[in-house]
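These notes concern the structure reproduced below.
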């Protein structure tokens, strides 16, 4: 029988606010254990949470970017469970009145993956196992998260991967998260079930927890799909359970233990007041939002005439796209700008992390100035790349590497003389040209450009050569 | 009143240099040494902290600088109020050895005024109880009769102030924990509007009910302390600060004020207590106040609503005591789970366990709607009943407790009967209103009776003023002196 995948994702995204969700500790990643903590985020007796307004703003922005409705009257609830990384023995989250709901993410095929909800919550600390001991690092405790819950609309592994990529792009775009899977600032729980193709019934699902890389996620879904199909084929039932992906053997395995039996005893957190999101606040956040990446992708192709692949590479990171637009402003050669970024600049940045950061020694204004010289016919294309390399080496503007002579071009009288000389030096080419081989002109033109070390305006030179050689 | 160490009197003694702050402090510390064994009001004295503050105040006085009303006044804090560097146990074995690294907001505010902290006072474990007897240090005794309870949960604070071992104390009131022991010990206990005083640093029992307030020897003192601790605090999201200071309103006429009497408050009230309250009502009438009869049938749900919601919140608030980070940890265990289970089983007392179990139950899947949700709805009903009542009157008057202080040792026998002593105090916490208990004479057993005045939200100034008018008018008959502690 033919089966199809039915999959929905719960994606946790760490918000990039400067401070934690309920206290003023920094959210910075990678510090010494337990140095980003205070009485509030380690839950000392008597402390109280105070909601960071920026967290609400970031989450609402995420909701707007994914076409969600915004809840004007949200609240926070306690999710009670016991684990050493959770110092209050409850996580402050949102249960039945999340900040955002009813949104969607559009895939490149045009298919919409519906979002059930987006809610805010606090992250827990981290257990560190060391030489038989378990230590607790509370630095991450209280870091703000949003949980984005999709409907089971995903039908293939490709769609699952694209959905997460889209989320990553959107969240990075609007600046609410860096979405680094390797640092855990984006993690997914995947709900997987299978059913006979064409059926509209949902099969029993399993949930694979805490996927923190694309490759693990796709492998885990594939494994889980195959496992469930095998079960069904052999007449067995799929058991609804939480599973974990074993990176070593590439299998998913059932998580024994009480987690499944947890009764979280949700109730409204009496320490926090209602979250009121006013229309004015939503309007202000909307006004601050950057262009939707999908729309920008289309615009880059029409407005700048970029090939889709190039446009996509630029759009992928908002910093890159913003840099491109600033550098391409007013230029006749946007593709050259794109090539500068995708070529020399990207190759210097190297790693994905460096591309995310996008620290480039050449300002977009300086790149714009360089390409303007090309626009004005003052330099040739080949000079653009070599000059850019020098600019990247030193951080200096183009003018530092182009002499007065380079920029001044060649005056018309001199150019005529050089052209006459070039024609005289290449009698065969002239003969060919006169006998109808128009291409022969290029050879003479090459000689002119060589003689002027690229400073001559090729259109001008061609005009003069045509006159000379026709004579 | 007045005879002993009210704040106003001590302030006068200090400013007129009849006694130095260090001498005064030593007097109290000495009295604690001699009398605390009998009263068990303090579970920890802090002489060094006290004398250091006293020195600062003496230096100011010597330099001719003016001092604030609470400056240099010896006082106490209930042991659920976080004090940096001073062990804070909530009188629970599970928090033994826990020394906070931060100050509760109320304590920071008072510290800034050079309050002289004599020590931390006894309480029911995690403020769960009405007798102070669930304390892991044993209960505080009533200064009027040490065979009887001081009340609870702020029993230690009430015994300390009632027994003249402190000029005032801060307690916390979740279901009557300030007003009830104040009534039992014949002093003043004031629970402000929810949100008027910051809860930051108050170890949580039931977050939507808890409120810090003063335990004092006079209403005037309560107003002074209330004014000093009520302020908006950005560390407490539910804090709203006060509408107006109360002290300047004292002395206002209460002629024409309508005092509401809801008959439900008097169901099951002991005859002699009822008599004392009725007599007090006559005093109010003589001061020109009018009485209005009211009926608030929804008050009969107060106790179940309170115990369901407060226990639910407590079950969550107390989840953090697992022996991992601070406080008590069991000595022998096999693994983490075993350690947490044993720590909690050994660290919590019976009453706390009872309430955690009850609260866990009412929040569980399948029971939430029948208990927690229903109680939340009824809480709304009671809130609206008070709103309606205050359309018809300015203040309400009721007994604080339907009886006087009873003999020690009763809680252990029948917890539910003890819950019933909260019947007149919990409605105020359910609705978040200000309420005060003021002494109004004695019962047939010679033990103090307290009357309760209740106002609409943020009507502290009016509540305290009316209580103050009554106290001044009934001074002779309402107040029963105690022979214990400091006499000046």
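The values are calculated or read from the model by the stated rules, or taken from the named source; none is laboratory data. Note that the structure is predicted; figures quoted are calculated from it, not measured. Here Cβ is always computed from backbone atoms with ideal geometry, including for glycine, and neighbour counts include all displayed protein chains.
Quick look at the numbers
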quantity	calculated
Of residues in segment B:84-106 being touching a strand residue (DSSP E or B) at 6+ places or on another chain (Cβ under 7 Å), surrounded by 24 or more Cβ atoms within 10 Å (Cβ to Cβ) and closer than 30 Å to residue B:61 by Cβ, the one nearest to the other protein chains (Cβ to nearest Cβ)	B:104
Some residue of segment A:24-47 being assigned to a loop (DSSP other than H, G, I, E, B), more than 13 Å from chain B (Cβ to nearest Cβ), surrounded by 22 or more Cβ atoms within 10 Å (Cβ to Cβ) and touching a helix residue (DSSP H, G or I) at 6+ places or on another chain (Cβ under 8 Å)	no
Selection count, segment B:433-474, where residues are in a strand (DSSP E or B) and buried (at least 24 other Cβ atoms within 10 Å of the Cβ)	13
Number of the condition not met by residue B:388 [criteria: (1) more than 22 Å from residue B:173 (Cβ to Cβ); (2) more than 14 Å from every other protein chain (Cβ to nearest Cβ); (3) in contact with a strand residue (DSSP E or B) (Cβ under 7 Å, 6 or more places away or on another chain)]	(3)
Spans of strands (runs of 3 or more DSSP E) in segment A:176-248 with at least 2 residues buried (at least 16 other Cβ atoms within 10 Å of the Cβ), at pLDDT 95 or above and in contact with a strand residue (DSSP E or B) (Cβ under 8 Å, 6 or more places away or on another chain)	A:186-196
Qualifying residue in segment A:246-261 (condition: within 14 Å of chain B (Cβ to nearest Cβ) and touching a residue at least 12 places away in the same chain (Cβ under 8 Å))	yes
Some residue of segment B:318-329 being within 21 Å of residue B:375 (Cα to Cα) and within 31 Å of the chain's Cα centre (by Cα)	yes
Breaking point among (1) in a loop (DSSP other than H, G, I, E, B); (2) surrounded by 24 or more Cβ atoms within 10 Å (Cβ to Cβ), for residue B:427	(1)
Top-ranked residue of segment B:178-191 - restricted to ones that are closer than 14 Å to residue B:154 by Cβ and in a loop (DSSP other than H, G, I, E, B), ranked as nearest to the other protein chains (Cβ to nearest Cβ)	B:178
Only listed residue being over 22 Å from residue B:424 (Cα atoms), touching a residue at least 60 places away in the same chain (Cβ under 8 Å) and within 14 Å of chain A (Cβ to nearest Cβ), chosen from B:344, B:320, B:336	B:344
Test: residue in segment B:248-255 that is touching a strand residue (DSSP E or B) at 6+ places or on another chain (Cβ under 8 Å), away from chain A (no Cβ under 14 Å) and assigned to a loop (DSSP other than H, G, I, E, B)	no
Residue in segment B:413-424 that is outside any loop (DSSP other than H, G, I, E, B), crowded, with 18+ Cβ neighbours inside 10 Å and either more than 14 Å from chain A (Cβ to nearest Cβ) or at negative phi (or both) present	yes
Matching entry among B:152, B:175, B:195, B:147 (being part of a loop (DSSP other than H, G, I, E, B), out of contact with any helix residue (DSSP H, G or I) (no Cβ under 9 Å at 6 or more places or on another chain) and in contact (Cβ under 8 Å) with a residue 24 or more places away in the chain)	B:195
